[in-house]
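The values are calculated or read from the model by the stated rules, or taken from the named source; none is laboratory data. Predicted model, so just to flag it, every value in this text is computed and none were measured. A quick note on method: Cβ atoms are made from the backbone with ideal geometry, for glycine too, and the neighbour counts reach across all protein chains shown.
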Amino acid sequence: MPLKIIKDPVHGYVEVEEYALDLLDSPALQRLRYIRQLGFSYLVYPGANHTRFEHSLGTMYLADTACRKFGFSDEERKLVSAAALLHDIGHGPFSHASEPLLEEYLHRTHDDISEIVHDRAGSILLRHGIDPEEVRSIVRGQHPLAGIIHGELDVDRMDYLLRDAYYTGAPYGTVDAQRLIRHMIRTDEGFVLDENGINAAESLLIARTLMRPTVYYHHVSRIGESMFHLAVQEHLRETSGNGKHLLEMDDMACMQALRTSKNETARALMFGIYRRRLFKRALYAGADQVNAAEFTSGISLQKSRALAVSIARSAGVGADTVLVDIPPFPTDMSMGVQVKNRHVVVSFEEISPRMHTLNATRREQWRLGVYTLPDQREAVLAAATEILHVKKPTRQDKLF
């Protein structure tokens, strides 16, 4: 029996049982109320102020729906739904914007939640008969039931595409989550998609592809993230510790810590974000303009900073006025689920011809960015083109 009913703008009325309500009230989940789902995308889309908390609630709702459809036992359903609720508690401030910082300073990703679960939610899970270690294993994708929230057709992805499209107003994130769940089949080998769910699955892949440049990798969001990265790096140069305290803050606390930092550069960068006085694009190059093979896995913050300093020196400008943003080159999407086509089970790629086109589109969307102050763009462009061995940029007149 539900203990509480919560009205969600995406899924409608969400029933919350006692174990889930206790987790929602835990410090680990309450912190997510103050972490934006889309990091600095609010600088582009004013409505993008939704949080990791509501996304976690929506993911739990879809996970619970899937578990009931598959006929899971109450114990399995509670385990998977609890993991769905807790899957994002490892995020740092501004969500994915802090992911490179977590890796650089704390040597972990947001999926590494063992310590947080133990400290902030473990006793709650145990009280309701849920094994914290199994929860951790599901979030890491290492559990037999992990596919529900950790896969190509997982409920995590269904919720964030729907939710992000709703709050940004971008018309690309349409996903029929209920149809996808309805046409998934659980087998001894894993989850299989009924052929009647192919169109819904293709819709999810198309949504992922179209949301990537317009929302997730929008250049203004990337500029905000790059300014944030440098602000944190500069701030931590003048503070003791490894950044753990800062990277466990929520958005507001982190913003305040950096705006009042002892480091002048950190203060100036965060004030620029706060007032939306952002750097501008000096160079924005696609894979056809650079040797993309060099950037398959992206580059570390240290390497990015070294390149920015070299470019600034060559351009004759201040080192803290140049930012280099080289994201990982997009890997090809592959649909891990099989499709039941009448009496034969085949790969999704055999049924859908669109995968190749979508993967090609993702590769074309990749951009290397060099950002600087508005009056320095020409000098920085010239220096960056030489140092990064970039072919002559095209369509630069469209960037201003």
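Please count how many residues of region 301-335 are loosely packed, with under 13 Cβ neighbours inside 10 Å and either hydroxyl-bearing (Ser, Thr, Tyr) or modelled with pLDDT under 90 (or both).
Qualifying residue count, region 301-335: 4.
Which residue out of Ser81, Ser95 is small (Gly, Ala, Ser), crowded, with 24+ Cβ neighbours inside 10 Å and in contact (Cβ under 8 Å) with a residue 40 or more places away in the chain?
Details: Ser95 fails: crowded, with 24+ Cβ neighbours inside 10 Å.
From the options Ser81, Ser95, the qualifying one is Ser81.
Select from region 293-303 the residues that are without any contact (Cβ under 8 Å) to a residue 40 or more places away in the chain and either within 12 Å of His229 (Cβ to Cβ) or not hydroxyl-bearing (Ser, Thr, Tyr) (or both) and list them in ascending order. I'd like the intermediate steps shown before the answer.
Taking region 293-303 first, the residues without any contact (Cβ under 8 Å) to a residue 40 or more places away in the chain are 293-294, 296-299, 303.
Correct list: Ala293, Glu294, Gly298, Ile299, Lys303.
Only one residue in Asp154, Asp64 is of a type outside the set (A, V, I, L, M) and free of Cβ contacts under 8 Å to residues at least 12 places away in the same chain, so which one is that?
Numbers: Asp64 fails: free of Cβ contacts under 8 Å to residues at least 12 places away in the same chain.
Matching residue, one of Asp154, Asp64: Asp154.
Looking at region 352-383 only, could you name the residues that are over 30 Å from Glu152 (Cβ atoms) and under 28 Å from the mean Cα position of the chain (by Cα)? Working first, answer last.
Narrowing region 352-383 to residues over 30 Å from Glu152 (Cβ atoms): 370-383.
If the condition is that a residue be over 30 Å from Glu152 (Cβ atoms) and under 28 Å from the mean Cα position of the chain (by Cα), then Val370, Tyr371, Thr372, Leu373 are the ones that fit.
Closer than 12 Å to Val80 by Cβ and among the acidic types (Asp, Glu), is that true of Asp119? Give the derivation first.
Values: closer than 12 Å to Val80 by Cβ: no; among the acidic types (Asp, Glu): yes.
No; evaluated as a whole, the condition is false for this residue.
Look at region 57-72 and say how many of its residues are of a type in the set (D, E, K, R) and crowded, with 17+ Cβ neighbours inside 10 Å. Steps first, answer last, please.
Taking region 57-72 first, the residues of a type in the set (D, E, K, R) are 64, 68-69.
Remaining after also requiring crowded, with 17+ Cβ neighbours inside 10 Å: 64.
Residues that pass the stated criteria total 1.
Give me a count of the residues in region 12-31 that are free of Cβ contacts under 8 Å to residues at least 60 places away in the same chain and either small (Gly, Ala, Ser) or out of contact with any Pro (no Cβ under 7 Å at 6 or more places or on another chain) (or both).
Result for region 12-31: 6.
Given the criterion more than 27 Å from Ala360 (Cβ to Cβ) and not assigned by TED's automatic domain parsing to the domain that holds Val10, identify the matching residue among His219, His229. Break it down into steps so the answer makes sense when it comes.
Numbers: His219 fails: more than 27 Å from Ala360 (Cβ to Cβ).
Answer to the check: His229.
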